[in-house]
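Each value in this text was obtained by applying a stated rule to the coordinates, not by laboratory testing. Remember, it's a predicted structure, so these values are computed and weren't measured experimentally. In this analysis, Cβ positions are derived from the backbone assuming ideal geometry, glycine residues included, and neighbour counts consider all displayed protein chains.
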Amino acid sequence: MELSYQSIKTANQAREADEMRTESRRRNLLILIFHHLMEAGYMDAASALEQDTNVVLRQFEVCDNIDLDTVLMEYESYYFIKFQRYPKLTKKRPEPVESRHARSCGKKRVPCTGVQPLPRINSSHRPPSRGGVKKTEPKMVVKDASKAVGENGGRSTPPESTEFGLNVSPIIRNGAGEGQMKKGQLMDYRDLIQDASNSLSEPMEPLLKPLSAFIGMNSEMRDLAAVISRDIYLQNPAVRWDDIIGLQAAKRLVKEAVVYPIKYPQLFTGILSPWKGLLLYGPPGTGKTLLAKAVATECNTTFFNISASSIVSKWRGDSEKLVRVLFELARYHAPSTIFLDELESVMSQRGTGGGGEHEGSRRMKTELLVQMDGLARSDDLVFVLAASNLPWELDHAMLRRLEKRILVGLPSGPARQAMVSYWLPPLSCTGGVELRTELAYETLAQATEGYSGSDIRLVCKEAAMRPVRKIFDALESHQQGSCNMPVIHLETVTTEDFLEVIAHTKPSARNLTDKYTAWETEYESV
Ligand code: ADP
C-alpha cells in the first residue's frame, strides 16, 4: 500500500478531530454530572468526582438551558417522537442471592451502594433557577462562572467558544447567525479537520480516566495509584516548542523519537516501531525538563513527572511497587510520557557504593528495568524520557534500554543572545512598572559563554533587580505617613550592569563540558 504524505496527514487530522470530540464529550459529561451532584446537594460526591478525575470541575459552569435533567428530557421527547414510547433508561439489578436470603431471614440490609435518601437541598447551594428561559441551541459548559455573568440580569452570557477547543456538536458549533445545521446532518469532513487544528493550537489537558476502572489491582496498589495521580501526574505542563530557546537539534531528535510516532503511527511499525526509552543528558539547567514537558504538551500525552531522588527518599520501602503501579497507570492512561528526572540518583551503576546498596533500592532498579523491557515488547504508547546530569554514573543495563541518548548541551552563542533578549527585552513591564533596557545583546551573548539557560535567566533577573533595588530606599522612606508618593521610574538596565552581574555570577557547569563531550563520543545514540 502506498502512503502519501497528504493521506497520512489527513488521516491523522481526522483521527485527532475524532479523539478531541470524544474527549470533549467525556469532559462535558463529567461537568454536567458534577453540577447535577452539586444541585442535588451531594457535595461530598461532587468533591470525590473532582479528586477522581483530577480536574477542577467547579471552575466550569453549565451553560444556559443545559443540565442533565434537560438532556434526559430532550432525549425522552426525541425517543417518543421516533418510537411512540418513552425509553427505558435504567433497570434494577438482579438481586444477589445472599441479600435475598438475608431478607427472607427478616434482617434489613443496608444497600451496599451507600445511596442515601435525597438530602434536603440547601437553597444557598442551588444555582439560580433556569426555569422559563426560552430554549435555544445551547453550549454545554463555560469556564469560570464569574466571567460568564453578564450585565443582563445575572444571566450567563454565551461564550464565544467552548472551553476545550472543540465544541460539543455541529449544531452548537454553528450556533445562531452562522447558519444552523439540521439535526442528523453529517458534519463536513473539512470542519472536522478545521476543528482538530483549532483545538490543537490550544491543547486540551488529557482527562484522567477514573481510577475505579483501574482493574486488576489490590487495594494497596489502588492507593499507590491514587498517590501517583495526585503527586506525580502533572496536569498540562504548558510548555510549547517555541518556549524552548535554541536546542534545535535536540528538539528535532525528540520529535522524531516520540512526537511523530504518536502523530503518525502508520509510519512507525515493524523495524520502525517507536523508541520507548530516551535519555536527555547534559549540564543542569539546559532545558531537559522543558523538552520533556513540551513533548507532553504538544502531544497531549498524560505526563508523569518523577524526580528519581524523591522516589527513593519518599517511597523507600514502597518504591518498587510504586514503579510498577506507575507503569501500569501510564499504560492505562496511554499515550503517556513518564519523565524520570535525575535518573543517576536511582540508576547509578549497580554494585557501586561499596556493596552497601540498600535491598529496597536494588529491587526498585530491577523493577524499573523489567518495566522498561515490558514497554519495549508492547505496542503501548508509553514513553520513558529520562534526564541525567551525570550520565557516566548510569547503570549500563539502564543505558541499553534508553535507546536514544541525546545531549542537551550548553546554549550556543545565538541561543544565548536570544535568551537575553527574551528575558530582558528593550521594554517590559514588571509589577505594573516599565522596565527599559539598553543592551548590546551580541556582546552579552559572548560574555555568557559557558552559562546554561537557567544561569542566564538568573543573571537577567539579577540585572533587572539592580534598578529595582535603587528604589527600595525611596519606597521605604515614603511609607511613613506620606501620601504623595512620586511616580516610580526605574533606571534603564545597561550592558555595564549586566556585565557586572556576570562578574559575580559564575556558570554552574562549565567545568564538565569536556566530560560530556567524551561521554557523547562513547555512548551517543541519536
Ligand atoms: P534541566 O536541564 O536541569 O532539566 P530545565 O529544563 O529545568 O533544566 O531548565 C531550568 C530553567 O532554565 C527553565 O525553567 C528555564 O527558565 C530556563 N531554561 C533553560 N534552558 C532553556 C532554554 N533552552 N529555553 C528557555 N529556557 C531555558
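Computed quantities for the displayed model
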item	result
Separation of alpha-carbon centers, the stretch 244-271 and the stretch 28-83, rounded to whole Å	39
Sorted peptide list for 393-404, 78-89, criterion being average Cβ within 10 angstrom, highest first	393-404, 78-89
Packing rank of 379-390, 218-229, where each peptide gets the mean count of other beta carbons within 10 Å, highest leading	379-390, 218-229
Length gained when the stretch ASP223-ARG466 is fully extended (0.36 nm per residue, less Cα-Cα span)	82.5 nm
Simple label model, 7 Å out from Cα along Cβ direction - PHE83 to ALA397, nm	5.8
3J(HN,Hα) from dihedral phi, the stretch 333-342, Karplus parametrisation 6.51/-1.76/1.60, rounded to Hz, x for glycine, proline	9, 4, x, 9, 10, 9, 9, 9, 7, 6
Entries in LYS91/LYS263; LYS9/LYS515; LYS251/LYS470; LYS470/LYS506; LYS276/LYS515; LYS293/LYS321 that, when Cα-Cα distance is taken, lie over 32 Å	LYS91/LYS263; LYS9/LYS515; LYS251/LYS470
Peptides 254-267, 460-473, 283-296 ordered by average Cβ neighbours within 10 Å, highest first	283-296, 254-267, 460-473
In nm, spacing of pseudo-spin labels at SER47 and ASN65 (7 Å Cα→C-beta vector)	3.6
Amide proton proximity set for LEU279, modelled H, under 5 Å, gap of 5+	ALA386, LYS404, ARG405, ILE406
At R0 = 60 Å, FRET efficiency that the Cβ-Cβ distance of ILE271 and VAL56 yields, to 0.05	0.85
Cβ-Cβ FRET estimate between GLU19 and THR517, R0 fixed at 45 Å, reported to 0.05	0.60
Per-residue HN-Hα couplings for the stretch 224-229 [Karplus 6.51, -1.76, 1.60; θ = phi - 60°; Hz; x = Gly/Pro]	4, 4, 5, 5, 4, 4
Amide proton proximity set for CYS63, modelled H, under 5 Å, gap of 5+	VAL141, VAL142
Other-chain or far-sequence residues with amide H under 5 Å of VAL382's (modelled H)	SER336
Under the Karplus curve 6.51 cos²θ - 1.76 cosθ + 1.60, θ = phi - 60°, whole-Hz ³J(HN,Hα) for the stretch 411-422, x wherever Gly or Pro sits	x, 6, x, x, 5, 5, 5, 4, 5, 4, 6, 6
